[in-house]
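Structure first, then comments.
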Amino acid sequence: WTAGFVLCLTGLQLIRAGDRPSYVAAVYEHRVLLNPEPRVPLERRSALKHMEQNLRVFEEQTADAARHGAQIIVFPEDAIHGFNYTRSSIAGYLETVPDPKEITWSPCAEPHRFPDTEVLRRLSCMAHKNRIFVVANMASRQSCDGHVDPLCPVDGQYQFNTNVVFSDRGTIVARYHKHNLYFEAAFDTPPEPEYITFTTPFAGRFGVFTCFDILFRDPAVTLVTDMGVRQMVYPTAWMNQLPLLAAVQFQRAFSHAAGVTLLAANIRAAEYGMTGSGIFTPWDSVVHHDTEGNSGKLLVRRVPVLDPAFVGESYRPTLVPFSGYSKTSRGSELEKAQAWDVNFFSAKQGDPNAQFCRTDSDCVETDPADGPLAFTSIMMYDNFTLIPLKGNKGNLTVCSGSLCCHLLFQRSHTLEFYALGVFNGLHVVHGTYYLEVCALVRCTALHHSSCGGETEHAQTLMDFRLDGTFSTRRVFPGILGSGMTLEVPDHSGWESGSGFYVSRKGMSTGLVTAMLYGRHYEKDNI
């Protein structure tokens with residue numbers, strides 16, 4: 001068991017540690033040791049022997065993080081026990097986690113207060129020994145009575161995918177049951193979404209959610225918009241899927257759009273395409289994405305406190321979730337970004353080479369010289385309508401129903417095939433949720449059907465402004481460069497009521513994807 005290590009204590013690009021309250025956070029991407037036969041039930045002793053191998057690494061990484069000054073560490077989802085269990089085969093891994101709102105308990109200090117809580121005790125002692133907050137994910141059970149609770153499973157217990165947070169004294173301070181499960185036969189969905197927070201002495205309040213939750217309103221977005229939480233811990237076991245949903249790509253987009261710090265820890269499992277962890281602020285990040293290595297990675301970084309109740313008025317960030325903003329708060333830089341947007345847009349109006357495909361339904365316009373401008377291709381299991389980029393600069397629009405996506409661009413060369421795509425509809429594969437998406441993608445080959453394929457690399461430098469006419473206010477802007485380089489928009493925001501835009505100029509790597517990923521939560525069940 002070896003682990004890489006990244007230390008970044010320089011603070012934010014624009015808000016230095018000396019300018020405002022800050023703290024040191026750590027996330028660990030864990031190369032989980034899996035149960036090779038997860039569908040075969042194990043007795044408790046064998047399950048503990050398996051989990052011990054992963055917990056030993058947790059202990060090493062917690063101590064290492066603490067030595068580098070970390071005050072909180074987040075571990076991934078499923079990182080202790082693994083995945084692909086059935087409801088019966090996971091039984092040996094389950095522990096009962098008392099509700100910290102009702103019971104104050106340090107498993108390290110009182111190891112025999114509750115039976116069969118060996119994992120909780122190990123985690124509690126890690127936190128206590130190293131004086132660090134620990135966030136871990138585990139499998140839990142909770143007894144219920146079918147005579148009182150009509151949703152109680154027939155075997156008399158709920159089985160939950162559970163995040164547990166321990167204070168630096170080893171006390172359980174938060175328990176969260178994952179609400180949006182992703183093909184997890186071993187677990188139950190909680191009867192109601194849980195909105196869980198915990199408070200630290202060094203940074204104030206944090207929210208808690210898990211993996212697939214990030215794509216839904218409850219609890220992730222509700223924590224931000226209704227409860228004012230600006231710091232999140234996020235264990236995940238995320239399988240990457242380009243061009244729109246690689247782990248660090250959407251973690252970056254969520255942090256920027258919601259205006260939050262996101263401490264994201266993913267599993268490292270190459271055979272499942274799982275990698276991608278990071279410490280994200282709305283402005284920048286330190287990340288790890290490795291599809292070839294075979295070890296874990298510890299990330300440690302100093303970040304500013306964003307809890308408005310903790311920092312006070314003088315340091316309170318002027319971030320309005322889902323409103324868009326510049327990556328810099330300096331007025332002159334903001335003016336430059338806005339001026340570039342205006343000048344670029346004005347220069348393109350009336351361009352005889354502009355390509356348009358703008359109808360009330362999916363595009364059907366044609367170019368007399370080149371045939372159909374618009375085409376369809378499957379991207380992320382959805383049928384996107386796309387229009388190709390032509391030349392070194394241009395002005396394009398493509399529509400699907402009420403959603404029109406507009407792109408202004410100029411690029412370094414035309415050797416790679418790019419297309420502007422739109423999708424406005426219900427996604428129904430591996431989950432059901434309503435999307436409004438504008439995406440500029442590098443296609444994997446020179447033919448239309450390659451648009452939507454997976455690639456991490458591009459050579460074309462692109463300056464662009466992408467906007468869409470969204471009917472939802474929950475739009476996540478993301479820019480992905482070659483080699484999984486994460487770019488922060490120069491500027492993003494709303495204009496003309498329903499128009500949301502993102503712009504970027506001067507990228508140092510080729511553009512893989514630029515997206516405006518809109519989620520219309522109200523239409524998920526139509």
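If the condition is being open to solvent by 10 Å² or more (accessible area, probe 1.4 Å) and touching a helix residue (DSSP H, G or I) at 6+ places or on another chain (Cβ under 8 Å), then the range 60-84 contributes 63, 66.
Screening residue 431 against (1) on the phi > 0 side of the Ramachandran plot; (2) part of a strand (DSSP E or B); (3) not hydroxyl-bearing (Ser, Thr, Tyr) leaves a single unmet condition, (2). Contact map, the range 157-176: residues that are without any contact (Cβ under 8 Å) to a residue 24 or more places away in the chain paired with residues that are surrounded by fewer than 23 Cβ atoms within 10 Å (Cβ to Cβ), Cβ distance under 6 Å, separation 6+ or inter-chain. Pairs shown: 157/141; 157/143. Among the residues making up the range 283-305, those that are in a loop (DSSP other than H, G, I, E, B) and either open to solvent by 50 Å² or more (accessible area, probe 1.4 Å) or at pLDDT 95 or above (or both) are 289, 291, 292, 294, 305. If you check 322, 409, 344 for being open to solvent by less than 20 Å² (accessible area, probe 1.4 Å) and either at pLDDT below 50 or of a type in the set (S, T, N, Q) (or both), only one passes: 344. Applying the criterion of being farther than 21 Å from residue 142 by Cβ and either open to solvent by 10 Å² or more (accessible area, probe 1.4 Å) or at pLDDT below 95 (or both) to the residues of the range 195-205, the residue that is farthest from the chain's Cα centre (by Cα) is 201.
Does residue 367 count as surrounded by fewer than 16 Cβ atoms within 10 Å (Cβ to Cβ), of a type outside the set (Lys, Arg) and at pLDDT below 95? Yes.
Table: residues versus (1) at pLDDT 95 or above; (2) open to solvent by less than 10 Å² (accessible area, probe 1.4 Å); (3) under 25 Å from residue 298 (Cα atoms); (4) not aliphatic (A, V, I, L, M).
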position: 193; (1), (2), (3), (4): yes, no, no, yes
position: 207; (1), (2), (3), (4): yes, yes, yes, yes
position: 219; (1), (2), (3), (4): yes, yes, no, yes
position: 255; (1), (2), (3), (4): yes, yes, yes, yes
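Within the set 495, 487, the sole residue that is in contact with a helix residue (DSSP H, G or I) (Cβ under 9 Å, 6 or more places away or on another chain), at pLDDT below 95 and not hydroxyl-bearing (Ser, Thr, Tyr) turns out to be 487. Of the residues making up the range 260-282, those that are touching a strand residue (DSSP E or B) at 6+ places or on another chain (Cβ under 7 Å) and in a loop (DSSP other than H, G, I, E, B) are 260, 268, 273, 275, 276, 281.
Table: residues versus (1) out of contact with any Pro (no Cβ under 6 Å at 6 or more places or on another chain); (2) of a type outside the set (S, T, N, Q); (3) over 19 Å from residue 253 (Cβ atoms).
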site: 402; (1), (2), (3): yes, no, yes
site: 409; (1), (2), (3): yes, yes, yes
site: 414; (1), (2), (3): yes, no, yes
site: 419; (1), (2), (3): no, yes, yes
site: 446; (1), (2), (3): yes, yes, yes
site: 469; (1), (2), (3): yes, no, yes
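Taking residue 509 as the residue in question, decide whether it is under 20 Å from the mean Cα position of the chain (by Cα) and open to solvent by 20 Å² or more (accessible area, probe 1.4 Å). No: the conditions fail for residue 509. Based on what the data block shows, is residue 419 crowded, with 19+ Cβ neighbours inside 10 Å, free of Cβ contacts under 8 Å to residues at least 60 places away in the same chain and of a type in the set (Gly, Ala, Ser)? Yes. Scan the range 133-143 and tell me whether some residue there is more than 30 Å from residue 63 (Cα to Cα), open to solvent by less than 40 Å² (accessible area, probe 1.4 Å) and touching a residue at least 24 places away in the same chain (Cβ under 8 Å). Taking every residue of the range 133-143 in turn, none turns out to be more than 30 Å from residue 63 (Cα to Cα), open to solvent by less than 40 Å² (accessible area, probe 1.4 Å) and touching a residue at least 24 places away in the same chain (Cβ under 8 Å).
The values are calculated or read from the model by the stated rules, or taken from the named source; none is laboratory data. Keep in mind that this is a model prediction, so the values were computed, not measured. Note: ideal-geometry Cβ built from the backbone for every residue, glycine included; neighbour counts use all protein chains shown. Side chains included, ligands, DNA and RNA excluded: accessible areas come from the protein's heavy atoms. Shrake-Rupley method; radii C 1.70, N 1.55, O 1.52, S 1.80 Å.
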